[in-house]
Amino acid sequence: MHHQVEKICRYKACLGCGLCVDEKSKQKMELYTDGYYHPSEKALIDPDFKKFCPGFGIYQKHKKKTEQEILYGPIVSPVVCGHATNKTINYQASSGGIITALCIHLLKNSLVDGILQVRQSHKDPTRTEPHLSSTIEDVLECMGSRYAPCSLFEHLREYLSTGKRLAVVGKPCDIAALKQYMAVYPEKTCNILYTFSMMCMGLPSHKATLEMTEYLGVDPQTIRNIRYRGFGWPGKAVVESQDGTKKECTYIQSWGAILGRDTLFRCKLCPNGFGEFADISCGDAWYCKNGNPSFNNDEAGRSFIFIRSDKGKELVEQAIADGAIVVEPYDMKEMPFIQKSQYQRKVNIPIRYVLYKILVNPQFRLKGFRLIHLCKIAGVRSLIKDGRGFIGRWWRGYKGHKKC
């Protein structure tokens with residue numbers, strides 16, 4: 001493995017996106033014993049990969065002028081919340097089906113030729129694989145959250161070589177890496193027309209999925225299908241065996257007790273949980289009850305819609321006019337309560353960033369995130385408390401880490 005890539009893996013900062021692997025490489029990404037995808041030992045690495053690898057840094061070029069942009073990323077239109085008008089999509093998707101509805105709208109109106117997204121692996125249901133969707137059926141197969149690692153861009157250069165117009169759906173870190181890659185190689189990537197992202201609190205390892213199946217008492221060798229969410233809001237995690245038997249657990253049990261407790265260390269200092277590099281990003285717009293989010297399976301799903309570019313705004317307006325989605329105004333004052341973990345991580349990023357550079361990776365860089373202003377929003381007490389917690393997580397989780 002390239003020594004710089006090995007270093008990023010050792011720092012628990014390789015997100016496994018696959019962008020760094022050179023197009024001439026025959027061996028690409030592998031699932032390692034740490035439960036994440038990293039470049040193969042013999043993979044050829046792009047000589048400029050440090051310019052776009054989010055393990056080395058994230059660079060926000062958009063000038064953030066308002067406090068709302070400093071907290072949540074670029075916004076070109078008021079934040080709204082909404083859902084897909086198709087009741088089946090709304091019910092089966094993780095949180096209202098906005099991204100699914102927009103992807104279908106793109107294909108139906110021939111605005112793109114394909115959509116790069118992820119789906120359950122056809123070979124091993126416990127794994128997740130990239131897929132280039134070209135039909136509505138493809139998009140529906142990819143619908144729903146996948147709380148598992150995937151090398152989304154492992155075959156990106158092959159897709160780009162076809163000349164097809166593409167949209168990309170990925171985690172915030174995937175889209176941040178892609179935008180930095182597009183800045184390095186504008187000619188190669190000019191046919192990537194739209195990017196979508198969901199909110200993210202961290203990338204669970206493959207081992208976390210296996211732990212969830214063990215918790216449900218299902219042998220991984222007998223699994224036919226895994227659903228992390230959906231069929232309700234937030235929906236239950238469901239593991240289906242080949243004989244049709246289904247075992248399930250709540251969102252609090254799956255994400256709160258298992259998946260969310262085994263995320264990549266690098267995710268703990270992500271300034272991009274709200275997906276601020278995408279044209280459009282979405283996340284659960286939980287209903288706020290008594291100052292807390294309400295996780296009610298009987299509620300119809302709905303998502304925030306952060307519109308971050310002019311073409312994103314145009315797309316949302318078209319989808320509304322065509323009846324694919326419906327939206328309503330949203331009171332952003334509720335955001336710190338119903339997305340408390342996201343909000344707290346964002347405002348406390350400065351102290352985590354400083355500690356991470358001291359304790360782990362002095363090369364890591366964050367630029368354009370207005371860290372001083374975030375300190376003012378957080379306050380000294382919050383920064384100190386969060387810093388102590390970050391050191392504790394580093395001590396428990398990072399110090400004993402072995403090389404991939």
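The values are calculated or read from the model by the stated rules, or taken from the named source; none is laboratory data. Because the structure is predicted, anything quoted here is derived from the model rather than measured. Counting neighbours? That spans all protein chains shown, and the Cβs are built from the backbone with ideal geometry, glycine included. These area figures cover heavy atoms from the full protein model, side chains too; ligands, DNA and RNA do not enter into them. Shrake-Rupley method; radii C 1.70, N 1.55, O 1.52, S 1.80 Å.
Within segment 219-262, the set of residues being among the aliphatic types (A, V, I, L, M) and part of a loop (DSSP other than H, G, I, E, B) comprises Ile258 only. Does Val118 qualify as being of a type in the set (A, V, I, L, M, F, W, C), touching an Asp or Glu at 6+ places or on another chain (Cβ under 8 Å) and in contact (Cβ under 8 Å) with a residue 12 or more places away in the chain? Yes; evaluated as a whole, the condition is true for this residue.
Among the numbered conditions (1) out of contact with any helix residue (DSSP H, G or I) (no Cβ under 8 Å at 6 or more places or on another chain); (2) open to solvent by 20 Å² or more (accessible area, probe 1.4 Å), the only one that Ile338 does not meet is (2). Among the residues of segment 43-76, those identified as part of a loop (DSSP other than H, G, I, E, B) and open to solvent by less than 20 Å² (accessible area, probe 1.4 Å) are Ala43, Asp46, Phe52, Pro54, Gly55, Phe56, Lys64, Gly73, Pro74. Scan segment 100-111 and tell me whether some residue there is over 18 Å from Ile320 (Cβ atoms), out of contact with any Leu (no Cβ under 6 Å at 6 or more places or on another chain) and open to solvent by less than 10 Å² (accessible area, probe 1.4 Å). No, segment 100-111 contains no residue that is over 18 Å from Ile320 (Cβ atoms), out of contact with any Leu (no Cβ under 6 Å at 6 or more places or on another chain) and open to solvent by less than 10 Å² (accessible area, probe 1.4 Å). Counting only helices (runs of 4 or more DSSP H) that fall entirely inside segment 322-404 and contain at least 1 residues that are among the basic types (Lys, Arg), the qualifying elements are 340-347, 349-359, 371-378, 380-393. Close contacts from segment 138-152, counting a first residue that is hydroxyl-bearing (Ser, Thr, Tyr) and a second that is assigned to a loop (DSSP other than H, G, I, E, B), with Cβ to Cβ under 6 Å and a gap of 6+ residues or different chains, come to Ser145/Ser94; Ser145/Tyr228; Ser145/Arg229; Tyr147/Tyr228; Ser151/Gly16; Ser151/Gly18. Taking segment 127-168 as the search range and keeping residues that are closer than 21 Å to Lys24 by Cβ and among the hydroxyl-bearing types (Ser, Thr, Tyr), which one is surrounded by the fewest Cβ atoms within 10 Å (Cβ to Cβ)? The selected residue is Ser161. Taking Pro362, is it surrounded by fewer than 14 Cβ atoms within 10 Å (Cβ to Cβ) and in contact (Cβ under 8 Å) with a residue 60 or more places away in the chain? Criteria not met by Pro362.
For segment 157-181, the set of residues classified as of a type in the set (Ser, Thr, Tyr) and either in a helix (DSSP H, G or I) or in contact (Cβ under 8 Å) with a residue 12 or more places away in the chain (or both) consists of Tyr159, Ser161, Tyr181, listed by residue number.
If you go through segment 182-218 and keep only what is in contact with a strand residue (DSSP E or B) (Cβ under 8 Å, 6 or more places away or on another chain) and either in a strand (DSSP E or B) or open to solvent by 50 Å² or more (accessible area, probe 1.4 Å) (or both), you end up with Ile192, Leu193, Tyr194, Thr195, Phe196, Ser197, Met198, Met201, Pro204, Tyr215, Gly217.
Could you list all residues from segment 288-319 that are surrounded by 15 or more Cβ atoms within 10 Å (Cβ to Cβ), assigned to a strand (DSSP E or B) and among the hydroxyl-bearing types (Ser, Thr, Tyr)? Answer for segment 288-319, where residues must be surrounded by 15 or more Cβ atoms within 10 Å (Cβ to Cβ), assigned to a strand (DSSP E or B) and among the hydroxyl-bearing types (Ser, Thr, Tyr): just Ser303.
Restricting attention to segment 278-325 and to residues that are among the acidic types (Asp, Glu) and in contact with a helix residue (DSSP H, G or I) (Cβ under 7 Å, 6 or more places away or on another chain), the residue that is nearest to Ser95 (Cα to Cα) turns out to be Asp279.
For segment 341-359, a residue qualifies if it is touching a helix residue (DSSP H, G or I) at 6+ places or on another chain (Cβ under 6 Å), of a type in the set (A, V, I, L, M), open to solvent by 20 Å² or more (accessible area, probe 1.4 Å) and at pLDDT 95 or above, and the qualifying residues are Ile351, Leu355. Screening segment 23-32 for residues that are modelled with pLDDT under 95 and not small (Gly, Ala, Ser) and picking the one that is least open to solvent (accessible area, probe 1.4 Å) gives Lys28.
Within the option set Tyr37, Tyr11, being buried (at least 23 other Cβ atoms within 10 Å of the Cβ), under 21 Å from the mean Cα position of the chain (by Cα), under 19 Å from Ser205 (Cβ atoms) and of a type in the set (Ser, Thr, Tyr) holds for one residue only, Tyr37.
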